[in-house]
Amino acid sequence: RARPGHPLRQLSSPVKLLLVVACALIDADNRVLVTQRPEGKALAGLWEFPGGKLEAGERPEPALIRALSEELGIIVKEECLAPLTFASYAYPEFHLLMPLYIGRRWEGTAMSREGQALKWVRPGKLRDLAMPPADEPLIPPLIDLLGA
């Protein structure tokens, strides 16, 4: 750890850390569900993996289960979520830390509940979509897992 007055101490300045969880829902054809950010939100029009911010005192898995229910109307059990990778990205206003989980089993049919467009995409085609910069590094592990 850098001591006060140590040269490394001066390199870092306080930054707001934002923890967001995301899920790559995978269907029987190994396609991944992405959602389009609606108008009026930051990064509107970009495609992303569904998920959301953690509330105070919330663990990542329950936060993701809540977000998938709110956004898509599906029920996911915690034991059906498996962590795959994470993104760490410095936006100008904050630093985003985003674990990406895999989900292959859920109850219900994924539907838009917040006005967002939905699309099932082959992993290799994710690169063709306009996505937030934090989501782009999540694509190669999905391709490694599922193929293109």
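Structure above, values below:
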| quantity | calculated |
| --- | --- |
| Residue list for region 137-148, restricted to those being open to solvent by 10 Å² or more (accessible area, probe 1.4 Å), touching a residue at least 12 places away in the same chain (Cβ under 8 Å) and part of a helix (DSSP H, G or I) | Pro137, Pro141, Ile143, Leu145, Leu146 |
| Failed item in (1) in contact with a strand residue (DSSP E or B) (Cβ under 7 Å, 6 or more places away or on another chain); (2) under 16 Å from Arg37 (Cβ atoms), with Tyr91 passing the rest | (1) |
| Selection from region 48-95 of residues that are in a strand (DSSP E or B) and open to solvent by less than 30 Å² (accessible area, probe 1.4 Å) | Gly51, Gly52, Leu81, Ala87 |
| Matching residues in region 96-136 - criterion: being among the acidic types (Asp, Glu), open to solvent by 60 Å² or more (accessible area, probe 1.4 Å) and outside any helix (DSSP H, G or I) | Glu107, Glu114 |
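The values are calculated or read from the model by the stated rules, or taken from the named source; none is laboratory data. Fair warning: this is a prediction, and the values are worked out from it, not measured in the lab. Methodologically, a virtual Cβ is constructed for each residue, glycine included, from the backbone with ideal geometry; neighbour enumeration extends over all protein chains shown. The area values use the complete protein model at the heavy-atom level, side chains included, leaving out ligands, DNA and RNA. Shrake-Rupley method; radii C 1.70, N 1.55, O 1.52, S 1.80 Å.
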